[in-house]
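Here's the structure we're looking at; comments come further down.
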Amino acid sequence: MLTEEEMICLLKADLSPHRFSHTLGVRDTAVELACIHLGDEHICRTAGILHDCAKSLTESQMLDLISRFDIELYPGEKENPELLHAPAGAALAQEKYKVNDKKIIKAIRNHTLGPKGMSLEEAIVFVADFIEPSRKSFDGLEWVRQLARKDIHAAVDECKRLTKEYCIQNGRVLLDF
Ligand SMILES: [Fe+2]
Ligand SMILES: [Fe+2]
């Protein structure tokens, strides 16, 4: 696996400034939540850094990575290209960042949809993505931030509930997980 410094350097070159600062926010929030909930700090930190690593790829680059690494897509993912950076990121983490820890790869893979039965570390990265400090404020965000520090799995449910609400209000496709 590359060092954190090397990862940061590559991400800074690949991502927009906004996405890059979001990435650092997710890393720091994931580490904080790992400390509170006694999760594995290394897994949360690395998955936090890399969770959006495939964000600037084209759709065909993402689909190519997904098929080369034999990553199974969830129903509806292929039809919603904005979701593909999660499975593509799980592949890119292995190919470009030389990650081979399955728990890190899975936390990257599941960070968009938060499927049922996630590990503590997967739940932490999923919630950290939602609440990191640079997220634009919206109704319910402060409440999830508080909840995340008390009960991480309840925070996962609340993030999904708020996403669902947002999708309904904005006429977006809703994937139920
Ligand atoms: Fe993402
Ligand atoms: Fe993200």
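Please compute the Kirkwood hydrodynamic radius of segment 82-166 from all pairs of different C-alpha atoms, in Å with one decimal.
Numbers: mean 1/r = 0.0747 Å⁻¹.
When all Cα pairs of segment 82-166 are included, the Kirkwood radius is 13.4 Å.
With +1 on the Cβ of every Lys and Arg and -1 on the Cβ of every Asp and Glu, and nothing else charged, how large is the dipole of segment 1-142 about its Cα centre, in debye rounded to the nearest 20? I would put it at about 140 debye.
Remark: the chain carries 51 Å² of accessible area per residue (probe radius 1.4 Å; ligands, DNA and RNA excluded).
Among residues other than residue 10 whose Cβ falls under 14 Å from its Cβ, what is the net charge (Lys/Arg +1, Asp/Glu -1)?
On the way: positive: 12, 19, 55, 96, 98; negative: 4, 5, 6, 14, 52, 95.
Every neighbour counted, the sum reads -1.
By the scheme Lys and Arg +1, Asp and Glu -1, what is the net charge of all other residues having a beta-carbon under 12 Å from that of residue 95? It works out to a net charge of +2.
Remark: spin-label model distance residue 56-residue 82 equals 2.0 nm, labels positioned 7 Å along the Cα→Cβ axis.
Roll a 1.4 angstrom probe over the protein heavy atoms and tell me the percent of accessible area of the chain that is carbon or sulfur.
Values: 4820 of 9040 Å².
It is 53 percent, rounded to a whole number.
Modelled label positions at residue 16 and residue 149, each set 7 Å beyond Cα in the direction of Cβ, lie 3.0 nm from each other. Legend: distances between Cα atoms for 55/136; 106/160; 106/136; 96/160; 55/102; 12/136; pairs beyond 23 Å are 106/136; 96/160. Distance from the Cα centroid of segment 135-177 to that of segment 1-78 is 20 Å (rounded to whole angstrom). Residues considered: 133, 17, 87. Largest GNM mean-square fluctuation over the chain, using C-alpha springs under 10 Å, is found at 17.
Quick one: which of 68-75, 98-105 comes out on top by average Cβ neighbours within 10 Å, and what's the full order, highest first? Intermediate results must be reported in sequence, preceding the final value.
Values: 68-75: 12.6, 98-105: 17.0.
Packing proxy ranking, top to bottom: 98-105, 68-75.
The calculated 222 nm mean residue ellipticity attributable to helices in the chain amounts to -19500 deg cm²/dmol, summing -39500 (n - 2.57) over DSSP H runs of n ≥ 4 and dividing by all residues. In this rough spin-label picture, where each label sits 7 Å from Cα along the Cβ direction, the residue 139-residue 170 distance is 1.5 nm. In summary, the chain shows an alpha-carbon radius of gyration equal to 0.96 times the 2.2 N^0.38 Å reference for compact globular proteins.
The values are calculated or read from the model by the stated rules, or taken from the named source; none is laboratory data. Note that this is a predicted model, so its numbers are computed, not measured. Cβ sites come from the backbone with ideal geometry, for glycine too, and all protein chains shown count toward neighbours. All accessible areas refer to the heavy atoms of the entire protein, side chains included, with ligands and DNA or RNA removed. Shrake-Rupley method; radii C 1.70, N 1.55, O 1.52, S 1.80 Å.
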